[in-house]
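Right, one structure below, let's go through it.
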Amino acid sequence: MNRREIHKQVAYPLMACTGIMFITGLGITEPGIITPLTFGLFDKFISFRIHTFLWGPFCILCIIHIWLTKTTHPKKQ
């Protein structure tokens with residue numbers, strides 16, 4: 001497995017995690033809009049719990065993504 005495949009395996013979950021964080025964040029602040037759009041899947045309480053739970057994985061994936069990008073593309077001097 002080369003570095004590009006590893007980078008993709010980190011980037012896709014990070015993108016999904018970012019999207020879910022965005023939707024749940026809106027579900028916390030605007031539950032009247034997000035609850036009907038998600039067919040009742042994300043009410044304010046569930047959105048808050050998912051949003052709180054995802055901070056750890058989001059931070060870990062973000063750090064790995066930045067580290068992989070930094071080591072793959074070194075600075076040119």
* Can you name the number of the only condition in (1) surrounded by fewer than 11 Cβ atoms within 10 Å (Cβ to Cβ); (2) under 26 Å from residue 11 (Cβ atoms) that residue 55 fails? -> (1)
* Restricting to segment 32-68, what's the tally of residues that are under 18 Å from the mean Cα position of the chain (by Cα), charged (D, E, K, R) and not in a helix (DSSP H, G or I)? -> 0
* Asked: Only one of these conditions is not met by residue 72: (1) over 19 Å from the mean Cα position of the chain (by Cα); (2) of a type outside the set (A, V, I, L, M, F, W, C); (3) modelled with pLDDT of 95 or more. Which number is it?
  -> (3)
* Check whether at least one residue in segment 9-31 is free of Cβ contacts under 8 Å to residues at least 12 places away in the same chain, loosely packed, with under 10 Cβ neighbours inside 10 Å and either assigned to a helix (DSSP H, G or I) or among the charged types (D, E, K, R) (or both), and report yes or no. => no
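The values are calculated or read from the model by the stated rules, or taken from the named source; none is laboratory data. Keep in mind it's a predicted model, so treat the numbers as computed, not measured. Neighbour counts are summed over all protein chains in view; Cβ atoms, including those assigned to glycine, are modelled from backbone coordinates with ideal geometry.
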